[in-house]
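Input: a single structure, listed below in structure tokens.
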Amino acid sequence: MGELKDGDLLQVAGHEYLVRIAASTGRKATARVRGAQIFVRVPSAAEPNLRRTMLSELEAKLQTMLSDGPPAQKGMQPLQFTDGQVVEVLGVKYAVAVAQGVGTESRGTWYRDWIRVELAAGLTAAERTEHTGALVRRLITARALPIVTKRVRELNDLHFGATIRRVILRDQYSRWGSCSAAGTISLNFRLLFAPPSVLDAIIVHELAHTRHMNHSPQFWAVVRQAMPDYDAAERWLVANAARLGVQRPDDIEG
Ligand SMILES: [Zn+2]
């Protein structure tokens, strides 16, 4: 690869990072990785040769640093659920009940507004946490996906009229959502714990990508036309990202 440029896609260990380059007043070139983006700052005073050297040294460091995958995935915790916890999903409150079972498999079921988990016998504390988390996630996803899918279709019909093939919910640490050229809208499972208006905003953001696959002024004009109050949702996400265990993405998608 030649000199890193703003807007480049840097491939490291099977992951793709969008490179953003800005000028700084400092004396050194720096890079911060946030989710799938790398924010590089290069001293504006650097001569072209020095700038080139700085960028190639930085690129070499990034290659080493990212050889194990995106840092956002390291040390980030899955959402944890415990007995007696009340969770608010899409604005509706549910209680989590975790009981010790005697079987060899952990199970989870919905019982009215309760998420009931029965843990297998003989699990370690870490396994209990992991099984509870996985089962609660699966149950919440199963209940929420049809509702979220319906909402995506409503907002699409109202503002975009695009072809949406599939809606998926994924538990992610560093992105709120994405939109593929093939018409798959992917939303972060953790958005289910945000106010419904915030979920709407991210859905609108992703649907707007069916018009513009970038974050150009034209893209934002489409977003704001469909959702004039988009900024309030973004402020909520910035303020609550840590609570939801999502590394604060500089761009709303990270
Ligand atoms: Zn976007």
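Just so you know, all these numbers are worked out from the coordinates, no wet-lab data involved. Since this is a predicted model, take the numbers as computed values, not measurements. Backbone-built Cβ (ideal geometry, glycine too); neighbour counts: all protein chains shown.
Filter the chain for me: DSSP H helices, axial length by Cα at least 15 angstrom, mean Kyte-Doolittle hydropathy not below -0.5. List them by residue number. TM-like helix candidates: 125-159, 196-208, 230-240. Estimated from helical segments only, the mean residue ellipticity of the chain at 222 nm is -11500 deg cm²/dmol, where each DSSP H run of four or more residues counts as -39500 (n - 2.57). For segment 79-198, a Kirkwood radius taken over Cα pairs fed into Stokes-Einstein (4 °C, viscosity 1.567 mPa s) yields D = 83 µm²/s.
Computed on the Cα trace of the chain, the radius of gyration divided by the Kirkwood hydrodynamic radius gives Rg/Rh = 1.04. Taking Pro195, Pro78, Pro48 in turn, the Gaussian network model of the chain (Cα-Cα springs below 10 Å) assigns the largest fluctuation to Pro48. Taking label points 7 Å from Cα along the Cα-to-Cβ direction, Asp6 and Arg166 give a separation of 3.6 nm.
Highest-first packing order for the peptide set 180-186, 37-43, 22-28 is 37-43, 180-186, 22-28, based on the mean count of other beta carbon atoms within 10 Å. D by Stokes-Einstein for segment 46-144, Kirkwood Rh over Cα pairs, 37 °C, 0.692 mPa s: 197 µm²/s. At an R0 of 22 angstrom, the distance between the Cβ atoms of Thr104 and Thr124 translates into a FRET efficiency of 0.90.
The per residue volume of the convex hull around the alpha-carbon atoms of segment 146-222 is 89 Å³.
Fewest to most neighbouring Cβ within 10 Å: what's the order for Val87, Val148? Walk me through the numbers before you get to the answer.
Numbers: Val87 16, Val148 22.
Fewest to most other Cβ atoms nearby, the residues stand as Val87, Val148.
In the frame of its principal axes, segment 1-65 has Cα extents of 34, 20, 19 Å, reported largest first.
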